[in-house]
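Enquirer: Questions regarding the structure given below will be posed in turn.
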Amino acid sequence: PKLSEVINESQKNKSDVIIMLDQVTDPNNIGSIMRSCALFNCKSIIVSNDNAPNLTGSIAKVASGALETVNYISVVNLSRAMIQFKKNDYWIYGFDSNKINNQNINLDLPRKCVLVFGSEGKGLRNLIKKECDALVSIPVQANKEYRIDSLNVSNACSIALYEHFKNNIQ
């Protein structure tokens, strides 16, 4: 489906969560995120035409059946897509592991929201951050000895989806 179809369909729902991926390119992460979407009532993943993989057999294998239930929508411009969602009563939350002052043990996500995740290493691009209504992070205890200071993007996405799901079980 197209982005406009997803937005039009969402008008019927009191609660909706969309995942947006900013330059996440690892097929294993995409497949894992799809699987989490299928389990936590997220029907769509939005990616950009550039810097995102096409659906492949490796994504399908990791997604373990979720490919049939989760829309994978590629758009020309993520910022414009974010603006479209805002115009349709969605809140945009960017997940940024560097946002230490906005760590919140209880993520209180609104009923209709877009959760935006960036690539590992680079994170969200500045243009994408500017379109977010809020930048948040998942609190972690860094392992300084082994320099592990952030979650894998698919794990972070699963945690965020669960937070939305548990507050909006219908």
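Enquirer: Given R₀ = 25 Å, what would the calculated FRET efficiency be for LYS166 paired with GLU5, taking r from the Cβ atoms and rounding to 0.05? Working shown, then result.
Expert: Details: r = 28 Å, r/R0 = 1.11.
The pair LYS166/GLU5 has a calculated efficiency of 0.35.
Enquirer: Moving to a separate point now. Taking every pair of alpha-carbon atoms in the stretch 1-108, give the share separated by more than 24 Å as a whole percent.
Expert: On the way: 1499 of 5778 pairs.
Percent of Cα pairs beyond 24 Å in the stretch 1-108: 26.
Enquirer: Here is a further query. By how many nm would the segment from ASN98 to ALA60 grow when fully extended, if each residue of separation counts as 0.36 nm and the alpha-carbon distance is taken off?
Expert: On the way: separation 38, 0.36 × 38 = 13.68 nm, distance 3.12 nm.
The span from ASN98 to ALA60 would gain 10.6 nm if fully extended.
Enquirer: Continuing with the same structure: How large is log10 I(q)/I(0) at q = 0.15, 0.21 Å⁻¹ when the Debye formula is applied to the Cα atoms of the stretch 58-170, each weighted equally and without solvent?
Expert: -0.76, -1.37
Enquirer: While we're on this one: Over the stretch 20-144, what is the mean sequence separation of C-alpha contacts under 8 Å (at least six apart), divided by residue count, expressed as relative contact order in percent? Let's see the in-between values first.
Expert: Working: 206 pairs, mean separation 36.6, N = 125.
Relative contact order comes out at 29 percent.
Enquirer: Further, regarding this structure: Check the straight Cα-Cα distances from LYS122 and name the aspartates and glutamates below 14 Å, setting aside those fewer than 8 residues away within the same chain.
Expert: ASP22, ASP26, ASP96, ASP149
Enquirer: While we're looking at this one, here's another question. Do any chymotrypsin sites (Phe, Trp or Tyr not before Pro) in the stretch 55-163 lie in a loop, going by DSSP, with at most 15 other beta-carbon atoms within 10 Å of their beta carbon, and if so which?
Expert: Details: sites: TYR72, PHE85, TYR90, TRP91, TYR93, PHE95, PHE117, TYR146, TYR162; in loops: TYR90, TYR146.
When the chymotrypsin sites (Phe, Trp or Tyr not before Pro) of the stretch 55-163 are filtered for loop state and at most 15 Cβ neighbours within 10 Å, TYR146 remain.
Enquirer: Where in the chain are the DSSP H helices whose alpha-carbon span along the long axis reaches 15 Å or more and whose Kyte-Doolittle mean is at least -1.0?
Expert: 27-39, 153-167
Enquirer: Here's a follow-up. Kindly point out, ordered by number, any Cys in the chain whose beta-carbon has no other cysteine beta-carbon under 4.7 Å away.
Expert: Singleton cysteines: CYS113, CYS132, CYS157.
Enquirer: For n ≥ 4 DSSP H runs only, could you compute -39500 (n - 2.57) per run for the chain, divide by its residues and tell me the 222 nm figure to the nearest 500?
Expert: Numbers: 6 runs with 59 residues, N = 170.
Result for the chain, helices only: -10000 deg cm²/dmol.
Enquirer: How big is the stretch 107-161 along each principal axis, measuring the range of its Cα positions in Å and listing the largest first?
Expert: Computed over the stretch 107-161, the largest-to-smallest principal extents equal 38, 24, 16 Å.
Every number in this text was worked out from the coordinates using simple rules, so none of it is lab data. Remember, it's a predicted structure, so these values are computed and weren't measured experimentally. Cβ: placed from backbone, ideal geometry, glycine included. Neighbour counts: every protein chain shown.
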